[in-house]
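S.K.: Okay, handing you the structure first.
The values are calculated or read from the model by the stated rules, or taken from the named source; none is laboratory data. Source: prediction; values computed, not measured. Here the Cβ positions follow ideal geometry from the backbone for every residue, glycine too, while neighbour counts run over all protein chains shown.
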Amino acid sequence: MAYRNLEIADRGAVRTITVARPDKLNALNRDTLVELTLAFTQAAQEESVRAIVLTGSGDKAFVAGADIAEMSDYTPIQAQSFSRTGQKLMSLIERLGKPVVARIQGFALGGGMELAMACHLRVASEKARFGQPEINLGLIPGFGGTQRLLRLAGRGAALELCLTGATIPAQRAYDLGIVTRLVAPEALDEAVTALADQLAAAAPLAAAGILDAVLQGGESSLDQGLEFETQGFALIFSSEDMREGTRAFLDKRKPTFTGR
């Protein structure tokens, strides 16, 4: 389908979804949230898509935040709906069952940082900047920022960033565990492409099982997480990919995974 605020491109088994509102620094308005939800739902349903790269257009911003002009006049009921629309998208990405890589080349602030944190891996340029500046507007994060930042970087960092509204450099975000890989600006595309290709070539059912187990484990006790892992480990033995992977290892050849 045609999107007003997104650009979609496929390269082999890798799909790139680009938020394309450069005049607004790719800010997230309601229409863009809806379009992203549709785009990720479609990617989840297409077997040919095995990995997704999410980025923003231009060099200045990944996503600079929510669209303040749109939401400034919201009523509490409208704000609640907007928050739930954003949170639905973030949860969809997190639970997609296919690896999603955020390519972060510039500002990832507010809703943009929340969007990046919903992705499974985050590759950032050294020039990128991160922050949850909602408090400077008299707001709190509404797309999961308090919760995913807490889980990624810990209580102290979550409180510091949300309470001060500070914008931090990519190196600090990397040190806090928010950024997965930090690269020079000129190496960003190469790094993201290599990682996405690696993820797309991996066994799809195993990747989905890992994503599910890590997500479930982060929300449960250790014993519950271990039991979930055991059940997933056992289930994967019913797959053709598991047989192909083990045979290829024993035959000393590269496996060909089909997602079955």
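S.K.: Sort out which residues of segment 1-31 are over 17 Å from the mean Cα position of the chain (by Cα) and within 15 Å of G86 (Cβ to Cβ), and write them in order of number.
M.R.: N5, N29, R30, D31
S.K.: Taking the stated definitions as given, is R15 assigned by TED's automatic domain parsing to the domain that holds A191, out of contact with any Phe, Trp or Tyr (no Cβ under 8 Å at 6 or more places or on another chain) and over 30 Å from Q198 (Cβ atoms)? Before you say what the answer is, go through the steps one by one.
M.R.: Values: assigned by TED's automatic domain parsing to the domain that holds A191: yes; out of contact with any Phe, Trp or Tyr (no Cβ under 8 Å at 6 or more places or on another chain): yes; over 30 Å from Q198 (Cβ atoms): no.
Against the criterion (assigned by TED's automatic domain parsing to the domain that holds A191, out of contact with any Phe, Trp or Tyr (no Cβ under 8 Å at 6 or more places or on another chain) and over 30 Å from Q198 (Cβ atoms)), R15 does not qualify.
S.K.: Might you let me know whether segment 84-96 holds any residue that is out of contact with any helix residue (DSSP H, G or I) (no Cβ under 7 Å at 6 or more places or on another chain) and either within 22 Å of T167 (Cα to Cα) or polar (S, T, N, Q) (or both)? Can you show your working first?
M.R.: Of all residues in segment 84-96, those out of contact with any helix residue (DSSP H, G or I) (no Cβ under 7 Å at 6 or more places or on another chain) come to 84, 87, 91.
Subsequent filtering for residues that are either within 22 Å of T167 (Cα to Cα) or polar (S, T, N, Q) (or both) retains 87, 91.
Yes, the conditions are met somewhere in segment 84-96.
S.K.: Pick out the one residue from G144, G156, G209 that is touching a residue at least 12 places away in the same chain (Cβ under 8 Å) and either farther than 26 Å from L33 by Cα or surrounded by fewer than 15 Cβ atoms within 10 Å (Cβ to Cβ) (or both).
M.R.: On the way: G144 fails: either farther than 26 Å from L33 by Cα or surrounded by fewer than 15 Cβ atoms within 10 Å (Cβ to Cβ) (or both); G156 fails: touching a residue at least 12 places away in the same chain (Cβ under 8 Å).
Within the list G144, G156, G209, the selection yields G209.
S.K.: Is there a residue in segment 80-89 that is of a type in the set (V, I, T) and over 19 Å from the mean Cα position of the chain (by Cα)? Please lay out each step first, then the result.
M.R.: The initial filter retains those residues of segment 80-89 that are of a type in the set (V, I, T), namely 85.
Subsequent filtering for residues that are over 19 Å from the mean Cα position of the chain (by Cα) retains none.
Scanning segment 80-89 turns up no residue that is of a type in the set (V, I, T) and over 19 Å from the mean Cα position of the chain (by Cα).
S.K.: While we're on this one: Select from segment 38-57 the residues that are surrounded by fewer than 17 Cβ atoms within 10 Å (Cβ to Cβ) and either under 23 Å from A124 (Cα atoms) or β-branched (V, I, T) (or both) and list them in ascending order.
M.R.: T41
S.K.: For segment 227-246, give me each residue that is farther than 12 Å from A203 by Cβ, at pLDDT 90 or above and not small (G, A, S).
M.R.: Residues satisfying the conditions are E227, T230, Q231, L235, F237.
S.K.: Something else about it: Looking at T75 and the list (1) without any contact (Cβ under 8 Å) to a residue 24 or more places away in the chain; (2) crowded, with 17+ Cβ neighbours inside 10 Å; (3) of a type in the set (S, T, N, Q), which single condition is not satisfied?
M.R.: With respect to (1) without any contact (Cβ under 8 Å) to a residue 24 or more places away in the chain; (2) crowded, with 17+ Cβ neighbours inside 10 Å; (3) of a type in the set (S, T, N, Q), T75 is out only on (2).
S.K.: Filter segment 83-112 for residues that are touching a Ser or Thr at 6+ places or on another chain (Cβ under 9 Å) and among the small types (G, A, S) and give the result.
M.R.: Within segment 83-112, A102, G106 qualify.
S.K.: Also, quick follow-up: Just to be sure before I move on: is R21 among the basic types (K, R) and surrounded by 13 or more Cβ atoms within 10 Å (Cβ to Cβ) in the structure I sent?
M.R.: Working: among the basic types (K, R): yes; surrounded by 13 or more Cβ atoms within 10 Å (Cβ to Cβ): yes.
Against the criterion (among the basic types (K, R) and surrounded by 13 or more Cβ atoms within 10 Å (Cβ to Cβ)), R21 qualifies.
S.K.: If L137 satisfies every condition in (1) touching a strand residue (DSSP E or B) at 6+ places or on another chain (Cβ under 6 Å); (2) surrounded by fewer than 22 Cβ atoms within 10 Å (Cβ to Cβ) but one, which is the exception?
M.R.: The one condition L137 does not meet is (1).
S.K.: Output yes when any residue across segment 166-187 is among the charged types (D, E, K, R) and under 30 Å from A44 (Cβ atoms), and no when none is.
M.R.: So the first thing to find is which residues in segment 166-187 are among the charged types (D, E, K, R), and the list is 172, 175, 181, 186.
In the following step, the residues that additionally are under 30 Å from A44 (Cβ atoms) were identified as 181.
So far as segment 166-187 goes, yes, one or more of its residues are among the charged types (D, E, K, R) and under 30 Å from A44 (Cβ atoms).
S.K.: Which pairs have Cβ atoms under 8 Å, sit 6 or more apart or on different chains, and link a residue in segment 4-19 that is touching a residue at least 24 places away in the same chain (Cβ under 8 Å) to one that is of a type in the set (K, R) and surrounded by fewer than 19 Cβ atoms within 10 Å (Cβ to Cβ)?
M.R.: Within 8 Å, no pair qualifies.
S.K.: I'd like to check which strands (runs of 3 or more DSSP E) are fully inside segment 108-196 and have at least 3 residues that are under 16 Å from the mean Cα position of the chain (by Cα) and within 15 Å of T55 (Cα to Cα). Lay out the reasoning, then the answer.
M.R.: Numbers: elements: 121-125, 129-131, 167-169, 181-183.
In segment 108-196, 121-125 are the strands (runs of 3 or more DSSP E) which contain 3 or more residues that are under 16 Å from the mean Cα position of the chain (by Cα) and within 15 Å of T55 (Cα to Cα).
S.K.: Of everything in segment 4-39, what is over 29 Å from A202 (Cβ atoms), among the hydrophobic types (A, V, I, L, M, F, W, C) and part of a loop (DSSP other than H, G, I, E, B)? Give them in sequence order.
M.R.: Within segment 4-39, L25, A27 qualify.
S.K.: Give G217, G259 a once-over and let me know the one that is under 23 Å from the mean Cα position of the chain (by Cα) and part of a helix (DSSP H, G or I). Full working, then the answer.
M.R.: Values: G259 fails: part of a helix (DSSP H, G or I).
Unique residue meeting the criteria: G217.
S.K.: A further question follows. Identify all residues within segment 173-186 that are surrounded by 15 or more Cβ atoms within 10 Å (Cβ to Cβ) and without any contact (Cβ under 8 Å) to a residue 40 or more places away in the chain; write none if there are none.
M.R.: Within segment 173-186, L176 is the sole residue that qualifies.
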